[in-house]
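**Q** Please read through the structure below; I'll follow up with questions.
The values are calculated or read from the model by the stated rules, or taken from the named source; none is laboratory data. Fair warning: this is a prediction, and the values are worked out from it, not measured in the lab. Positions of Cβ are generated from backbone atoms using ideal geometry, with glycine treated the same way; all protein chains shown enter the neighbour counts.
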Amino acid sequence: MTKNYGSVNIETKNIKVLNEFNTVKSEDDDLKLLNKFDLNKNENDEMLEKFDFVRKDLKFLTNSQIRLEIINSIANFIKPIKDIHKETNLPYSAISLNIKHLEEKGFLQSNYHGYVLNNLTKIFFKEIIEFNRSINMINKFFDFFNAHKFEEIDDEFLKDIVSLDNSKIIESSLTDVYKVHNTIIDSILNSKDIYCVFNFIHPDYPVIFQDLIKNSVNIRLLLSKDIHFIFKGLIGDEIINKGLKNKNLNLKKLKINKNLFLIGSTEFIYLGLFKEDNSFDQNRILFSTNENAIKWGEELFNKIYGSS
Amino acid sequence: MAEIMNSNEKCNDLNLDGLKEEPFDFSNFQELRTVISSESRSKILLQLYLNKSDLNNVETLKNKIKKPSPYILNSVRQLEIMGLIKRANKTFYLTSKGSIMAIIFLKLIENVYIFKKHNFWTTHNLKQIPSEFLNHVYFLKDGMYYHSTNNDLIKPLNEYLKLIRSSEDLNIIMPIFSKPHLDGIFKSTIKNKSTLKIIANEEIFNLIFKNYKKEIKILIKRDKIRFWKINLDLEIFLTNSSKFSSLNLFFKDGHYDDSNLLLDKSIKGIQWGLKLFNHYKNKGILIYLDRI
């Protein structure tokens with residue numbers, strides 16, 4: 001079934017503010033800052049003001065790797081300096097000095113058994129970890145994200161881009177120029193349910209989808225306006241009607257064309273992006289079998305599907 | 001956090017699942033630091049993302065960020081080196097990497113802003129709110145926080161009952177047996193001919209079943225009630241409907257706090273609540289009430 005095609009015809013048209021951080025700002029400062037908020041203020045300016053509200057805390061926590069290592073060490077457990085030293089290998093002097101700073105600014109507290117983070121510090125740290133993981137992921141997949149268009153993916157989903165952390169990039173090579181295409185096809189052919197968003201037709205697709213429909217695979221297809229009609233024609237009315245009648249085919253037309261390639265099932269997700277010149281990057285695709293990534297893909301599809 | 005803890009005892013009042021399993025990876029620490037720890041770099045990144053349509057040249061950035069030009073130019077240069085921004089015709093734009101960075105940075109800001117602004121989150125036990133939900137707390141950015149006052153001790157309860165009266169189908173995670181709440185819930189469900197879905201542990205379930213037999217019978221007859229029993233002492237009181245999500249939490253000492261209520265009527269807030277309800281529903285066992 002899987003074939004290699006020499007030239008792939010890809011067409012793309014188109015407060016009482018109870019601040020635990022007691023020394024960062026006084027309560028009065030916080031109240032003044034919040035009172036400055038104007039309900040009619042534009043949302044973007046409000047975001048910048050929100051940033052001002054948390055800026056100094058974020059800066060203090062992230063300005064020193066030693067501080068973050070100490071916080072990391074006591075994130076879940078109360079520990080004395082000796083245990084922090086054992087875990088981090090940081091010098092005693094550096095630990096003491098930074099703990100003093102953290103304690104002075106209200107980020108942690110001490111008791112007879114050692115040091116413990118405040119709840120707010122824990123939450124800040126957790127968010128910083130998430131942000132850091134996202135940065136690591138973006139850098140890991142730099143070639144995939146760089147110079148590609150992802151405006152088609154809602155910000156809501158990009159905010160959770162770290163869900164794709166455990167993915168891998170499948171790239172074509174000189175010895176296997178159709179690796180991306182062939183890998184996708186193999187996965188599709190072994191699926192019992194599948195959803196897809198695409199706005200181009202590969203010559204293999206109609207044949208493959210004919211078979212999937214006949215074999216009662218559950219298919220949800222979202223196609224761009226331009227290819228919706230062509231695709232239906234290539235599959236044939238008889239098979240389309242069979243799929244619709246058996247309720248294993250859901251075929252929808254995108255209201256607005258999306259420069260996005262998304263194929264997924266309960267077992268995997270493939271995400272392909274378009275380059276800045278609007279052509280599909282057929283040489284690399286992101287692939288994952290990770291639960292979070294699968295969930296991310298399914299929710300993204302449902303969102304697009306719901307608005308189509 | 002003054003309570004006595006043994007050395008290396010787990011700090012259990014906040015759910016930090018996965019935090020130690022996946023230690024902080026410092027390989028890109030400099031990048032994180034470069035973005036977060038400088039006011040001007042952070043603000044340039046946010047300005048270029050939030051106000052894309054502005055002509056973002058040095059002059060605009062200078063006025064928006066309120067820093068002198070050399071300062072702006074230096075920050076811009078560092079962001080360019082990091083591959084986060086690019087320039088064309090003396091105007092600055094985010095690269096694709098810069099755009100994603102700005103988006104995840106906004107999420108960080110929105111989340112920590114809520115936690116810092118509302119002590120509701122830091123004074124209560126959050127251990128039964130899974131990490132995934134804390135990480136999406138920005139969904140509740142339009143939430144209203146109701147507190148008891150000396151003049152009105154039951155303000156949160158009254159707000160809750162007011163909403164229940166006009167709401168349709170209700171999804172509830174019920175950690176307590178409270179007559180005022182349950183009277184309102186059953187009364188409005190029967191009157192509005194809506195559906196009631198409750199998740200509770202065995203003890204609460206038995207109390208509800210014993211005290212609201214008549215109401216439950218009516219709802220069973222209408223096929224408008226579902227109960228999930230969960231093998232857990234619940235410490236969150238969540239109510240979700242198509243119109244709102246509300247949340248009451250427990251104090252760190254294990255007592256239920258009826259004096260603070262979070263109420264969110266936004267679509268995102270409703271989604272957040274529904275997902276949390278479903279999360280616990282999937283851990284429970286559906287009880288066939290008509291067979292009891």
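**Q** Of the conditions (1) farther than 26 Å from B:Glu39 by Cα; (2) facing chain B (nearest Cβ under 9 Å); (3) in a helix (DSSP H, G or I), A:Ala75 satisfies every one except a single condition; which number is it?
**A** Of (1) farther than 26 Å from B:Glu39 by Cα; (2) facing chain B (nearest Cβ under 9 Å); (3) in a helix (DSSP H, G or I), only one is false for A:Ala75: (3).
**Q** For the range B:262-281, indicate whether the set of residues that are in a loop (DSSP other than H, G, I, E, B) and β-branched (Val, Ile, Thr) is non-empty.
**A** no
**Q** Among the residues of the range A:135-155, are any hydrophobic (A, V, I, L, M, F, W, C) and under 19 Å from A:Glu69 (Cβ atoms)?
**A** Within the range A:135-155 (the criterion being hydrophobic (A, V, I, L, M, F, W, C) and under 19 Å from A:Glu69 (Cβ atoms)), the answer is yes, since at least one residue qualifies.
**Q** Among the aliphatic types (A, V, I, L, M), assigned to a loop (DSSP other than H, G, I, E, B), over 30 Å from A:Asn290 (Cα atoms) and modelled with pLDDT of 90 or more: is that true of A:Leu97 in this structure?
**A** So A:Leu97 does not fit the description; no.
**Q** State all residues of the range B:49-84 that are part of a loop (DSSP other than H, G, I, E, B) and surrounded by fewer than 20 Cβ atoms within 10 Å (Cβ to Cβ); if no residue qualifies, say none.
**A** B:Asn51, B:Lys52, B:Ser53, B:Asp54, B:Leu55, B:Asn57, B:Lys66, B:Lys67, B:Pro68, B:Met82, B:Gly83
**Q** Also, quick follow-up: So, of the residues in the range B:193-224 that are crowded, with 16+ Cβ neighbours inside 10 Å and either of a type outside the set (A, V, I, L, M, F, W, C) or touching an Asp or Glu at 6+ places or on another chain (Cβ under 9 Å) (or both), which turns out to be nearest to B:Leu182 (Cα to Cα)?
**A** Per the stated criteria, the residue is B:Tyr212.
**Q** For the range A:250-282, what are the residues that are over 25 Å from A:Phe229 (Cβ atoms), in contact with an Asp or Glu (Cβ under 7 Å, 6 or more places away or on another chain) and either aliphatic (A, V, I, L, M) or crowded, with 18+ Cβ neighbours inside 10 Å (or both)?
**A** Residues satisfying the conditions are A:Ser265, A:Leu273.
**Q** Can you tell me which residue within the range A:106-146, out of those that are out of contact with any strand residue (DSSP E or B) (no Cβ under 8 Å at 6 or more places or on another chain) and among the hydroxyl-bearing types (Ser, Thr, Tyr), is farthest from the other protein chains (Cβ to nearest Cβ)?
**A** Filtering first and then ranking leaves A:Tyr112.
**Q** Of the residues in the range A:158-190, how many are closer than 30 Å to A:Ile213 by Cα and in contact with an Asp or Glu (Cβ under 9 Å, 6 or more places away or on another chain)?
**A** 10
**Q** While we're on this one: In the range A:180-197, which residues are crowded, with 20+ Cβ neighbours inside 10 Å and either in a strand (DSSP E or B) or not assigned by TED's automatic domain parsing to the domain that holds A:Ile169 (or both)?
**A** Within the range A:180-197, A:Ile194, A:Tyr195, A:Cys196, A:Val197 qualify.
**Q** Of all residues in the range A:40-69, how many are more than 7 Å from chain B (Cβ to nearest Cβ) and in contact with a Ser or Thr (Cβ under 7 Å, 6 or more places away or on another chain)?
**A** Here the count works out to 1.
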